[in-house]
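One structure is given here, and the rest of the page talks about it.
The numbers here are math on the coordinates, done by the rules we state, and not lab data. None of the values given here were measured: they were computed from a predicted structure. A quick note on method: Cβ atoms are made from the backbone with ideal geometry, for glycine too, and the neighbour counts reach across all protein chains shown.
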Amino acid sequence: MPTEQEMKASLQKYLEGFNEGNSEKVISLFAEDARVEDPVGSEPLKGKASITTFFQQAIPSVKRLELAAPIRGSHGNAAAMAFNIYVEMEGKGAVIRCIDVMTFNDDGFIIDMKAYWGPEDVQS
C-alpha cells in the first residue's frame, strides 16, 4: 500500500499535469483497470483507454486547477483534495468547485477516482 506521502504526491502530480496541459502526466497516475466517475452519479469510465480519452479531451478545456485546501490523506489507501477548476464556458470564465477522492492500489496507482461536484458548484 502506498504511504500517505506518496498518495498526496500523486494528487499533486495530477494538479501539475492539468496546469501544464500534460495529459500523459495525469494518465500515468492511473492503473490499467482504473475506474473514473466524474461527476459522481454519471456512468463510470472503466479501463485506461477510456480514461485516456477522457483526460485528453478534458485537460485542454481547463485553464487551471487550484487547491481550495491542503490535500488530505487517510489511514487507508485513499486521499482527497478540494479544488477549483477554472474553465471557459460559452465565452465566459467559470469555476467548478470540486472534491476528488482517489483510491490507490498496492503499486501506488490510482484505481478509483470519484469527482464530487454538482450543478450548484459551477459558478460563472
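Observations on the structure shown:
- Matching residues, the range 83-103, being over 14 Å from residue 12 (Cβ atoms) and surrounded by 13 or more Cβ atoms within 10 Å (Cβ to Cβ): 84, 85, 86, 87, 94, 95, 96, 97, 98, 99, 101, 103
- Filter pass, residue 33 being assigned to a strand (DSSP E or B) and either under 15 Å from the mean Cα position of the chain (by Cα) or buried (at least 17 other Cβ atoms within 10 Å of the Cβ) (or both): no
- Considering residues of the range 51-63 that are out of contact with any Leu (no Cβ under 9 Å at 6 or more places or on another chain) and surrounded by 14 or more Cβ atoms within 10 Å (Cβ to Cβ) only, the residue farthest from residue 83 (Cα to Cα): 52
- Filter result for residue 111 (assigned to a strand (DSSP E or B), under 13 Å from the mean Cα position of the chain (by Cα) and of a type in the set (Val, Ile, Thr)): yes
- Taken over the range 21-30, the criterion of being buried (at least 19 other Cβ atoms within 10 Å of the Cβ) and either in a strand (DSSP E or B) or at positive phi (or both) is satisfied by 30 alone.
- Residues of the range 63-81 that are closer than 16 Å to residue 22 by Cβ and under 12 Å from the mean Cα position of the chain (by Cα): 65 alone.
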